[in-house]
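Everything on this sheet refers to the single structure shown next.
The values are calculated or read from the model by the stated rules, or taken from the named source; none is laboratory data. All values derive from a computational prediction rather than experimental measurement. Cβ: placed from backbone, ideal geometry, glycine included. Neighbour counts: every protein chain shown.
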Amino acid sequence: MRVHADQEKCCGAGSCVLSAPDVFDQREEDGIVIVLDAQPPAELHEAVREAAAICPAAAISVS
Amino acid sequence: MTTAESLDALTVPAARASGCPFDPAPSVERARQTDPVIRATLWDGSSCWLVTRHQDVREVLGDPRFSADATRPGFPFLTQGLRELVGRNPTFIRMDDPDHARLRRMLTADFMVKKVEAMRPEVQRMADDLLDRMTDGRTSADLVSEFALPLPSLVICLLLGVPYEDHAFFQDRSRVLLSLRSTGDEVRTSMDELLEYLTRLAESKQGAPDDGIVSRLVARGELDFTEIAAMGRLLLIAGHETTANMTALSVLALLRNPDQLARLRDDSSLVKGAVEELLRYLTIIHNGVPRIATEDVTVGGRTIRAGEGVLCTVNTANRDEDVFPGGDSLDVGRDARRHVAFGFGVHQCLGQPLARVELQIAVETLLRRLPGLRLDIPFEDVPFRHDMGIYGVHALPVAW
Ligand code: HEM
Ligand code: SF4
């Protein structure tokens, strides 16, 4: 799995961080998403898919 | 269905069924099942679309062709007051990108998960202090005025740098602004008073800066005092009325569902999930999230034309059986994370990490400290906020 987050689209409400804290974080200066682990291990895949599904700004893509 | 019935069925705001104060209005629920994107008549005689299903609500709120700009002709207003305020000191909740994003991003760092999680000990202390006072030598109280309302008020005051001593003033003005019954005059006066108060507050931070959001917006130097005041007003109102009502309504819903209450008491690891489920089940933004189409867009098989207003009824979306099987019952073990109680799209609630922390602490602390918590009046006598844009209860007499 490869995880990508679009920082232009992100509106910074942090749902992804709550779903998959090992994969997503928010930038200190403006709360915009950062990807901590772009190739997360299999046990995190479900959490990442959930994060992509609940992201309100459709900023997270998974390939 | 006769014409008269169908017209009557879809007047907005729609009435809830008596005896079912936690459920969306039956007319709108029926629409979700039979005709999920449907025309409705607003209180002022204008018409708009109701979008009632989960998938369609996400589509509309996630689509930039639906605008949140209330100055566009045809924008649906839920009250007289809201309509009269158009164009006066707008805030980013009723703007589109790029203006919306530019302003919202001035605040996202303050509400990000890390920041808010770091506030837990402080919020816990506030909750404990309030309960100490509420229970001191007494066995009954109004949970709204002594706990549910002061907790988020204290928190948002701290964050903004607003003196909590002034809470009676801003709580009263917020009430006027959120009441479906307020006249245009009342709303304008309250709005002006709040803005004047916050403008003076912003000015005062110039000489005496502190760590609050208002002061930092002043120091940032990108906005004038009126713009900062408008932002402060949005945060102040959004920051205390919402969580306050969710807290009180959550307690009431749990008291009415003793099996769920017992599960939660037995296993406090359920609290986070239970708060999501309560947000879903109760959906206090109960009259819908408004937008206006800027192009012709097909939603759920219906064409919404450019210039037509839309209300996304997030409360019915959160009962959508396709996403939440058995959604008409409260189940604290459910995975409810896909709820749209905070909206969806780029306007999705900025304060949601804060609301979550406040609600988790409020619910956990109340259940732990007051094992005998019960309603102190007959359920039929609970004063529900049918008259307010944010649903909840005006008061909640409890005993323990
Ligand atoms: C249970 C509590 C809450 C609920 C149910 C709630 C619900 C909502 C909803 C549905 C929206 C979207 C409005 C739209 O799309 O037009 C929204 C936006 C917003 N909320 Fe909340 N809210 C809550 C708590 C809070 C708190 C605690 C704060 C702040 C301190 C806050 C600040 C905001 C702001 C600033 C916006 C505008 C965001 C934007 O337009 O980008 N809310 N809220
Ligand atoms: S859920 Fe989406 S919008 Fe929210 S912080 Fe994560 S990437 Fe950004």
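Please tell me if B:Thr313 is more than 14 Å from chain A (Cβ to nearest Cβ) and over 17 Å from A:Pro56 (Cα atoms). The answer is no for B:Thr313. Taking the criterion of being surrounded by 18 or more Cβ atoms within 10 Å (Cβ to Cβ) and under 18 Å from B:Asp110 (Cβ atoms), the residues of segment B:135-166 that qualify are B:Pro152, B:Ser153, B:Leu154, B:Val155, B:Ile156, B:Cys157, B:Leu159, B:Leu160, B:Gly161, B:Val162.
For beta carbons closer than 8 Å, sequence separation of 6+ or different chains, a first residue in segment B:269-283 that is on the phi > 0 side of the Ramachandran plot and a second that is of a type in the set (S, T, N, Q), the qualifying pairs are B:Thr283/B:Asn315; B:Thr283/B:Asn318. Of the residues making up segment B:348-390, just one is crowded, with 16+ Cβ neighbours inside 10 Å, among the small types (Gly, Ala, Ser) and more than 15 Å from the chain's Cα centre (by Cα), namely B:Ala362. Say we look at segment B:133-150 and pick out the residues that are among the acidic types (Asp, Glu) and out of contact with any Pro (no Cβ under 8 Å at 6 or more places or on another chain); which of these is farthest from B:Leu366 (Cα to Cα)? By that ranking, first place goes to B:Asp136. Of all residues in segment A:20-63 being of a type in the set (Val, Ile, Thr) and within 9 Å of the chain's Cα centre (by Cα), which is farthest from the other protein chains (Cβ to nearest Cβ)? Ranking the candidates gives A:Val35 first. Within segment B:71-106, the set of residues being within 25 Å of A:Val17 (Cβ to Cβ), more than 18 Å from the chain's Cα centre (by Cα) and aliphatic (A, V, I, L, M) comprises B:Ala101, B:Leu103, B:Met106.
Among the residues of segment A:12-22, some residue qualifies, meaning at least one is more than 10 Å from ligand 2 (Cβ to nearest atom), surrounded by 15 or more Cβ atoms within 10 Å (Cβ to Cβ), of a type outside the set (Lys, Arg) and closer than 24 Å to B:Gly273 by Cα.
When each of B:Ala141, B:Ala208, B:Ala229, B:Ala202 is tested for being of a type in the set (A, V, I, L, M, F, W, C) and without any contact (Cβ under 8 Å) to a residue 12 or more places away in the chain, the lone residue that passes is B:Ala208. Among the residues of segment B:333-369, the ones that are more than 7 Å from chain A (Cβ to nearest Cβ) and either in a loop (DSSP other than H, G, I, E, B) or of a type in the set (S, T, N, Q) (or both) come to 13 in all.
Every residue, every condition in (1) touching a Cys at 6+ places or on another chain (Cβ under 8 Å); (2) not small (Gly, Ala, Ser), yes or no:
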site	(1), (2)
A:Gly31	no, no
A:Pro41	no, yes
A:Cys55	yes, yes
A:Ala59	yes, no
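For B:Ala336, are the conditions met, namely being under 17 Å from B:Leu270 (Cα atoms) and surrounded by 22 or more Cβ atoms within 10 Å (Cβ to Cβ)? Against the criterion (under 17 Å from B:Leu270 (Cα atoms) and surrounded by 22 or more Cβ atoms within 10 Å (Cβ to Cβ)), B:Ala336 qualifies.
Scanning segment A:25-48 for residues that are in a helix (DSSP H, G or I) and within 13 Å of ligand 2 (Cβ to nearest atom) returns A:Ala47, A:Val48. Filtering segment A:23-41 to residues that are away from ligand 1 (no atom under 16 Å from the Cβ) and free of Cβ contacts under 8 Å to residues at least 24 places away in the same chain leaves A:Asp25, A:Arg27, A:Glu28, A:Glu29, A:Leu36, A:Pro41. Applying a threshold of 6 Å to beta carbon distances and a minimum spacing of six or more residues, or different chains, the list of pairs starting in segment B:364-389 at a residue that is β-branched (Val, Ile, Thr) and ending at one that is surrounded by 15 or more Cβ atoms within 10 Å (Cβ to Cβ) reads B:Thr365/B:Ala127; B:Ile377/B:Pro397; B:Val382/B:Val393.
Here is a yes/no grid of residues against (1) at pLDDT 95 or above; (2) surrounded by fewer than 19 Cβ atoms within 10 Å (Cβ to Cβ); (3) facing chain A (nearest Cβ under 8 Å):
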| site | (1), (2), (3) |
| --- | --- |
| B:Arg88 | no, yes, no |
| B:Phe92 | yes, no, no |
| B:Arg104 | yes, no, yes |
| B:Asp129 | yes, yes, no |
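Restricting attention to segment B:370-400, which residues are assigned to a helix (DSSP H, G or I) and not hydrophobic (A, V, I, L, M, F, W, C)? Listed by number, the residues that qualify are B:Glu380, B:Asp381. Candidates in segment B:127-170 are the residues that are under 26 Å from B:Leu252 (Cα atoms), more than 18 Å from the chain's Cα centre (by Cα) and of a type in the set (Val, Ile, Thr); of these, the one that is nearest to ligand 1 (Cβ to nearest atom) is B:Thr135. Among the numbered conditions (1) crowded, with 17+ Cβ neighbours inside 10 Å; (2) over 30 Å from B:Arg369 (Cβ atoms); (3) aliphatic (A, V, I, L, M), the only one that B:Val116 does not meet is (2).
Looking only at segment A:8-19, filter to residues that are within 10 Å of the chain's Cα centre (by Cα) and more than 8 Å from every other protein chain (Cβ to nearest Cβ); which one of those is farthest from ligand 1 (Cβ to nearest atom)? Per the criteria, the residue is A:Cys16. Tallying residues that are part of a helix (DSSP H, G or I) and surrounded by fewer than 19 Cβ atoms within 10 Å (Cβ to Cβ) within segment B:177-194 yields 7. A:Ala52 passes every criterion in (1) of a type outside the set (D, E, K, R); (2) more than 9 Å from ligand 2 (Cβ to nearest atom); (3) in a helix (DSSP H, G or I) apart from (2).
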